[in-house]
Amino acid sequence: MSTDWLLDDSLAPSIEDEALGELYRGAARGELVLPFCSACELPLEPEQLVCDGCGATGPVWRPVPPRGRVHTATVVHRLEPGLVRTAEPYPVADVELASGHRLVLTAVTPGGPPSIGDPVSIGFRELGGVAVPAFEVSVAANAKESR
């Protein structure tokens, strides 16, 4: 089992979690799985049970394309011995996915923050044996920076 670059394994989520278990079970298969309204197909927040659009309950989870764009990003400067493994600042990004969902994610690997608007793909980090979605700046964004 690998060790996550960012967080201690004790912070791993449970794949049995009632609200987010589907997300983590999908991630274990290498898929980004997110909820939609069962009635009107509106993208829902991962823990949302009632649709804001039509009021229906009972989300339907399904795979979505693992790509999006950075809506906003920040760099976290936090030393938390025993919980945060890195001593370096690390990026967190609010990613607007092609599916219409928005997720706040850390990076798959250490590095600097992405720029607003950068295309990203969603990969996974392994935290305590659980696959956790994380962003990677897409090749197109890296090519833009090298010009």
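What follows is calculated from the coordinates using simple rules that are stated; it is not laboratory data. This one's a predicted model, so the numbers in the text were calculated from it and none came from an experiment. Cβ placement follows ideal geometry from the backbone for every residue including glycine, while neighbour counts extend to all protein chains displayed.
Within the stretch 77-116, work out how many residues are in a strand (DSSP E or B), of a type outside the set (D, E) and touching a His at 6+ places or on another chain (Cβ under 9 Å).
Here is the first cut: in the stretch 77-116, the residues in a strand (DSSP E or B) are 84, 90-97, 102-107.
With of a type outside the set (D, E) added as a condition, the list becomes 84, 90-93, 95, 97, 102-107.
Going one step further and asking which of them are touching a His at 6+ places or on another chain (Cβ under 9 Å), we end up with 90, 93, 95, 102.
Selection size over the stretch 77-116: 4.
Against the condition loosely packed, with under 13 Cβ neighbours inside 10 Å, free of Cβ contacts under 8 Å to residues at least 24 places away in the same chain and out of contact with any Cys (no Cβ under 7 Å at 6 or more places or on another chain), how does V139 come out, does it pass? Give the derivation first.
On the way: loosely packed, with under 13 Cβ neighbours inside 10 Å: yes; free of Cβ contacts under 8 Å to residues at least 24 places away in the same chain: yes; out of contact with any Cys (no Cβ under 7 Å at 6 or more places or on another chain): yes.
Spelling it out, V139 is indeed loosely packed, with under 13 Cβ neighbours inside 10 Å, free of Cβ contacts under 8 Å to residues at least 24 places away in the same chain and out of contact with any Cys (no Cβ under 7 Å at 6 or more places or on another chain).
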